[in-house]
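The structure appears right after this line, and notes come after that.
The values are calculated or read from the model by the stated rules, or taken from the named source; none is laboratory data. Just so it is clear, the model here is predicted, and its values are computed rather than measured. Quick reminder, even Gly has a Cβ in these numbers, built from the backbone with ideal geometry, and neighbours come from all protein chains shown.
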């Protein structure tokens, strides 16, 4: 039993925290969301140079990390800074799936991704809500190649992606786990269109429509029809990443709020002297510690058997959803009016933390799933 | 980061399991598991079994006859004994007074009292709270006036847990009214057989007289029973409280209680199906289980830090709040799970060998009484509001 970071991870944490504190500013984040790329190209290339993207991949896949605690370290820091670079979309999801299932030729893409190439993961569909097996997009055999038709929704960083890993059904019905395949699709493929838009909490995403997109036979990633377990595992890793991100956001919000409680004077004294506020802040702190433990639990079980791993995915995501809501709502309330303003730093962090509950399944989705997995 | 035990720790766990398998009488574990009343003799029987193995002084260093275990070993022992439904170790002599004597007691006091604690020659109780000194402990009014080689003690202690079994009480007494309230307190050991000591039971809302009032009227206490220096008792009292807070999270108790709840919810029927399949009930059960999973890891983080030599600080306040909230939630769910059979109060059914049958399932009454009894968790040992003050001051620095 040991809760210390290894020396390598400690170094990664320290240098990443320093780099982000020096580089990220509220103005930079606001500009990034407005920009065509939908993220900060300065920050992205900086992260790539530091090897942060490589930390998301195992040595076997050309990186130098890839374990749950590597994800936890990286994303706690990006969360702390309020950054929204395409680390999950490109590194954990698209890159992770290519590394897990790709041919040798396809795996060359992983090296590009580690170097800063951006790929998207076009999976979720209108009506799917948070169900990973809800895939209607069809892939039909077309001579030696494939033809893709369907719609993908809220594809993060779609506008910046040079290619997508796209899930499509090669067999079975809409909500069957069987019959889902993955394809590598260039963003400029004829028939692929993207409607790009900004997101609550920063960054951009897009609606991706595939109409008769023709692909060569070697666009298929892995075997036909059995991609679901890999998708579920990639989603587990992404959930671990965004839960760690949420933890970093909570820590920043906590620091802002405690500072404000000490500075802001009303009725002739700092408002932090009022017991009603002290007790609320103490409860916030307790829930952040719970959130930290939940992230450790998930990071430590990402390599476990499927049911154990997924129980931890749902337990952690449920707890993070509840804690995140408490932290956001209490922080805004404890700040008072200033906490409502767009200009003050809390606003972005609060929105980004709130939106964590809308990615990869919310509090209720995961509570129900935890119950199902526990009964199995 | 490694969430698993080392091989040595696993071997230790197996050793504890084997011991419990061989030595924990099924009569005792059966009573604990079914929520029956434990007698003084039951506790003493278990203490003697542990003492024979050298495992009674769980938190004690080896030089005083203790185990010398580190924080992780203590945690494993706690986890395994709770899981096996062993009676709890009565903490007053072992976890509270013992460490104070080791740090602040005289050699004579250590030589006399520590072996007597291990051998169950003395049953200690805690004379801290008073009617006017609860969370504000420094407000104690019980006086000790030095007369020759004795102190004359007058006052009243309350909430004295299992005082009815005790022959000795350690008391916070006021020896000076000068300075701040904390500065005039002394730590005194009092023989309960002394003239002027009277113990009166307090019946709590669960119907049990677990706690008492202790009245002290002109009680003559030898001056050698003073621990440390006069008027320095507050320091010793605070040291004791840090030891009281070991295992404050109660993860083992919560885990056992959750298993019991799951079992009951599988047996109870609701609209023709097991209660555990009712989605509203299942959601509440799952939520508290998820909270417990995280809290268990928070607890292990604190234990690992303690094993690495870091003194537990205000983290124990967080564990106290979260741990008690979780246990109380499990108790509340269990009370609801038994349905209408929470109503019948047939107290005799809780006695071992009683020929009075419970009304409804035998788990219903213990579940209900545990709910009432454990409302104490968020009150004692520094109420949860006092803990929030500690967090606010020590961690948030507000």
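Descriptive notes on the structure:
- Residue within region B:361-377 that is surrounded by 16 or more Cβ atoms within 10 Å (Cβ to Cβ), more than 14 Å from chain A (Cβ to nearest Cβ) and at positive phi present: no
- Counted residues, region B:304-348 - those being in a helix (DSSP H, G or I) and modelled with pLDDT under 90: 6
- Qualifying positions in region B:1-52 - assigned to a helix (DSSP H, G or I), touching a residue at least 40 places away in the same chain (Cβ under 8 Å) and within 14 Å of chain A (Cβ to nearest Cβ): B:9, B:12, B:13
- Within region A:82-105, the set of residues being farther than 17 Å from residue A:234 by Cα and either touching a strand residue (DSSP E or B) at 6+ places or on another chain (Cβ under 8 Å) or surrounded by fewer than 24 Cβ atoms within 10 Å (Cβ to Cβ) (or both) comprises A:103, A:104, A:105.
So that you can scan it fast, the table gives a plain yes or no per residue for (1) over 19 Å from the mean Cα position of the chain (by Cα); (2) not in a strand (DSSP E or B):
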{"residue": "A:197", "(1), (2)": "no, no"}
{"residue": "A:205", "(1), (2)": "no, no"}
{"residue": "A:210", "(1), (2)": "yes, no"}
{"residue": "A:230", "(1), (2)": "no, yes"}
{"residue": "A:233", "(1), (2)": "no, yes"}
{"residue": "A:254", "(1), (2)": "yes, yes"}
{"residue": "A:261", "(1), (2)": "yes, yes"}
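- The single condition among (1) in contact (Cβ under 8 Å) with a residue 40 or more places away in the chain; (2) within 12 Å of chain A (Cβ to nearest Cβ); (3) in contact with a helix residue (DSSP H, G or I) (Cβ under 7 Å, 6 or more places away or on another chain) that residue B:337 does not meet is (2).
- Residue pairs whose Cβ atoms lie under 6 Å apart, separated by 6 or more positions or on different chains, with the first residue in region A:69-82 and not assigned by TED's automatic domain parsing to the domain that holds residue A:43 and part of a helix (DSSP H, G or I) and the second crowded, with 24+ Cβ neighbours inside 10 Å and modelled with pLDDT of 95 or more, do not occur.
- Some residue of region A:8-24 being more than 14 Å from chain B (Cβ to nearest Cβ) and either closer than 30 Å to residue B:8 by Cβ or at pLDDT below 95 (or both): yes
- The set of residues in region A:185-208 that are surrounded by 16 or more Cβ atoms within 10 Å (Cβ to Cβ) and touching a strand residue (DSSP E or B) at 6+ places or on another chain (Cβ under 6 Å) comprises A:185, A:187, A:189, A:192, A:194, A:196, A:199, A:204, A:205, A:206, A:207, A:208.
- With respect to (1) more than 24 Å from residue A:1 (Cβ to Cβ); (2) free of Cβ contacts under 8 Å to residues at least 40 places away in the same chain, the lone exception for residue A:338 is condition (2).
- Flag if residue A:151 is surrounded by fewer than 21 Cβ atoms within 10 Å (Cβ to Cβ) and outside any loop (DSSP other than H, G, I, E, B): yes
- Note on region A:305-319: residues that are more than 10 Å from every other protein chain (Cβ to nearest Cβ), crowded, with 23+ Cβ neighbours inside 10 Å and farther than 19 Å from residue A:131 by Cβ total 0.
- Taking the criterion of being surrounded by fewer than 17 Cβ atoms within 10 Å (Cβ to Cβ) and either within 14 Å of chain A (Cβ to nearest Cβ) or under 18 Å from residue B:209 (Cα atoms) (or both), the residues of region B:346-360 that qualify are B:346, B:347, B:348, B:351, B:352.
- Within region B:299-311, considering residues that are surrounded by 18 or more Cβ atoms within 10 Å (Cβ to Cβ) and under 21 Å from the mean Cα position of the chain (by Cα), the one nearest to the other protein chains (Cβ to nearest Cβ): B:300
- For region B:78-185, the strands (runs of 3 or more DSSP E) that sit wholly inside it and include 3 or more residues that are surrounded by fewer than 21 Cβ atoms within 10 Å (Cβ to Cβ) are B:143-147, B:150-157.
- Test: residue in region A:342-364 that is surrounded by fewer than 24 Cβ atoms within 10 Å (Cβ to Cβ), assigned to a helix (DSSP H, G or I) and within 14 Å of another protein chain (Cβ to nearest Cβ): yes
- Scanning region A:295-302 for any residue that is free of Cβ contacts under 8 Å to residues at least 60 places away in the same chain and surrounded by fewer than 21 Cβ atoms within 10 Å (Cβ to Cβ) turns up nothing.
- Of all residues in region B:378-398 being without any contact (Cβ under 8 Å) to a residue 24 or more places away in the chain and crowded, with 18+ Cβ neighbours inside 10 Å, the one that is farthest from the other protein chains (Cβ to nearest Cβ): B:389
- Test: residue in region A:259-279 that is crowded, with 24+ Cβ neighbours inside 10 Å and in contact with a helix residue (DSSP H, G or I) (Cβ under 9 Å, 6 or more places away or on another chain): no
- Answer residue from region A:255-270, given it is in contact with a strand residue (DSSP E or B) (Cβ under 8 Å, 6 or more places away or on another chain) and in contact (Cβ under 8 Å) with a residue 60 or more places away in the chain and is nearest to the other protein chains (Cβ to nearest Cβ) among those: A:261
- Test: residue in region B:239-258 that is more than 22 Å from the chain's Cα centre (by Cα) and more than 14 Å from every other protein chain (Cβ to nearest Cβ): no
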